[in-house]
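The structure appears below as structure tokens.
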Amino acid sequence: MRRLATIITLISLLVSCSEKQEEALFTLNGNTGMPKATVYLYGLDSSYERTDSAVCNENGEFAFELKLDSLTPLGLVIPDGKFVPVYADPQGKAMLVKDTAMQCGWSINGGATQAKHDSISRILDACRTNNEMMTKLDSFFIANPVSIINVELVRRYMADNPLVYNKDIRSRISKFGGLLQDHEYIVHLKTVTDTKNSNVLHRAFPSFEYTTLAGEKINSSSFLKKYTLVTFWATWDKGSKNRMLELESIKDSIKSKSFAMLNISLDYDTAAWKKFVTGDSIPGDHVNDKMTMNSDLVQKFNIKSLPHTMLVSPYQRIIEYDADMAKVTLRADSLTRKYDDEQEKKRKAEEKKNRKKK
């Protein structure tokens, strides 16, 4: 009888564990309206150190299933290059939906934290001036000093906003609650804003969409998981032509698959741009922005002269601004080697994990 009771107890424990594992499954689905396109989901901090992808079906629908232990901040990158913050509840279900009130055009339905984030984001996106936005942010920070939402709000509306100065960022994050003071991004931001670095460094590269010289559509998501050397240039600028010719040697010295080049021409004369790029076989993806120095990206980066080169991380953070070519080549080579090694280790670990499951 005792033996039977022990067996029943063990079965109950196994069933309970199985139910807990099922309850810890977070699901996210949606419809991008883009058949066969790829959607990316990655962790915004060390609580989830991986990037997942899902291919949309013929109707543009996708789905993710993640096993999580706690509320986890994630970033969703959809095929049109738009970034959508996701607060993944380990016991929750969420759905990507169209939302014209959000600046990115999308929002997530599911979970109290997500609802709170999207509510304040709609308010901030509707602000007409930077001062109005800062006032709304201050009110939210005062009311929610320890909310994990604050990390993403600071990142998107302050650290990625060229109109907000480092001193303004420091003054806000210094008032956060104790737990947030130890968050890795806030610690990083304190270090960055305390240096004499340009106010552009460590910010996100803005969303964009261009058609390349080869006729292909590219956007922000095209350069995810790659260190990207971005150069603004024009054929009417002599220094720019020399910079373009330097790219061949950089391509030869960096062999990594996780390295890319994006060359943004600011030529109004597209014929001159095509002739120069084609004739000299300049490496990289070539696009032309006919808005020249009035280009949206040029204005956001406050670029005053050409050529102008920056290095962007695999998660699209600017890590070199107006870079010296010799130094940026050495740094890009070192970073891509390290990144390739880390990705290979993760791949092998994943294969080992899958073999054990079988």
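The values are calculated or read from the model by the stated rules, or taken from the named source; none is laboratory data. Predicted, not measured: the structure shown is a model, and the values here were computed from it. With ideal geometry, Cβ positions are generated from the backbone for all residues, glycine too; neighbour counts draw on all protein chains shown.
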Scan of the stretch 179-206 for residues that are farther than 17 Å from N302 by Cβ and either at pLDDT 80 or above or in the same structural domain as S47 (by TED's automatic domain parsing) (or both), ordered by number: L179, L180, Q181, D182, H183, E184, Y185, I186, V187, L189, K190
Residue match in the stretch 278-294 (condition: small (G, A, S) and under 24 Å from Y40 (Cα atoms)): yes
Counted residues, the stretch 219-232 - those being at pLDDT below 95 and not hydroxyl-bearing (S, T, Y): 5
Unmet criterion (only one of (1) under 21 Å from the mean Cα position of the chain (by Cα); (2) not assigned by TED's automatic domain parsing to the domain that holds A260) for Y315: (2)
The lone exception for T309 - which of (1) more than 30 Å from Y185 (Cα to Cα); (2) in contact with a strand residue (DSSP E or B) (Cβ under 8 Å, 6 or more places away or on another chain) it fails: (1)
Residue match in the stretch 324-338 (condition: buried (at least 19 other Cβ atoms within 10 Å of the Cβ) and of a type outside the set (V, I, T)): yes
Cβ pairs under 7 Å, 6+ apart, first in the stretch 23-44 and in a loop (DSSP other than H, G, I, E, B), second among the basic types (K, R): A24/K67
Any chance L266 is within 15 Å of V328 (Cβ to Cβ), crowded, with 21+ Cβ neighbours inside 10 Å and at pLDDT 90 or above: no
Members of the stretch 48-74 found to be surrounded by fewer than 17 Cβ atoms within 10 Å (Cβ to Cβ) and under 23 Å from R347 (Cα atoms), listed by number: E49, R50, D52, S53, V55, A63, E65, K67, D69
Evaluation of F276 against (1) more than 14 Å from Y210 (Cβ to Cβ); (2) in contact with a strand residue (DSSP E or B) (Cβ under 7 Å, 6 or more places away or on another chain); (3) modelled with pLDDT of 90 or more (one fails), failing number: (2)
Any hit, the stretch 71-88, residues being of a type in the set (S, T, Y), closer than 23 Å to F205 by Cα, touching a helix residue (DSSP H, G or I) at 6+ places or on another chain (Cβ under 9 Å) and touching a residue at least 24 places away in the same chain (Cβ under 8 Å): yes
Helices (runs of 4 or more DSSP H) completely within the stretch 68-187 that count 1 or more residues being touching a Phe, Trp or Tyr at 6+ places or on another chain (Cβ under 9 Å): 112-125, 130-143, 149-154, 166-173
